[in-house]
Amino acid sequence: MIYEKPDYKKARGGYIILVSCGYCKTDIARYQKVGKGRLLRMYVDRIIESSVDLSKNYGALFCPNCNKQLATRVTLRRKNKEAYILVRSAFNTRKIS
């Protein structure tokens, strides 16, 4: 299932990256990254589209092809936002123009 966000807005200074599985290279999501630095967590409201149904797997994010765990879903206390904390070396990123 392809998850698309209908109310996507471009953020100032942001760019779009493609997140893929680090094991089998399957595309997982298109994400709007704001700021420089590594991708440590993916906020749910910035995910533009995903090849995984994000509402079904509430606890973790798994690759649809090889079933490896890529991230864990948490609620951040300070910001009160839903986010996926990514497992290091389990994903690849590529900037999309």
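The values are calculated or read from the model by the stated rules, or taken from the named source; none is laboratory data. Just so it is clear, the structure is predicted and the values come from calculations on it, not from any experiment. Positions of Cβ are generated from backbone atoms using ideal geometry, with glycine treated the same way; all protein chains shown enter the neighbour counts. Protein only, heavy atoms only, side chains kept; ligands, DNA and RNA dropped before computing areas. Shrake-Rupley method; radii C 1.70, N 1.55, O 1.52, S 1.80 Å.
Before moving on, here are some points about what is shown:
- Environment charge at ASN65 (Cβ cut-off 11 Å; Lys +1, Arg +1, Asp -1, Glu -1): +1
- Stretched out straight at 0.36 nm per residue, the stretch from LYS68 to LYS25 would grow longer than its current Cα-Cα span by 14.3 nm.
- Three-way shape call for the stretch 11-97 based on the alpha-carbon gyration tensor, with the a/c threshold at 1.5: oblate
- Gyration tensor over the Cα atoms of the stretch 52-93: the corresponding equivalent ellipsoid has semi-axes (square roots of 5 times the eigenvalues, largest first) of 20, 13, 7 Å.
- Taken one residue at a time, the phi angles of the stretch 83-97 give Karplus couplings (6.51, -1.76, 1.60, θ = phi - 60°) of 8, 9, 8, 7, 7, 5, 6, 9, 8, 10, 10, 8, 6, 10, 8 Hz. Gly and Pro are set to x.
- Counting only protein heavy atoms and a probe of 1.4 Å, the accessible surface of the chain is 49% carbon and sulfur.
- Remark: the chain carries 67 Å² of accessible area per residue (probe radius 1.4 Å; ligands, DNA and RNA excluded).
- For the chain, lysine pairs with C-alpha atoms less than 13 angstrom apart, excluding pairs fewer than eight positions apart on the same chain, total 5.
- Net charge of Cβ neighbours under 15 Å - reference ARG88; Lys, Arg +1; Asp, Glu -1: +3
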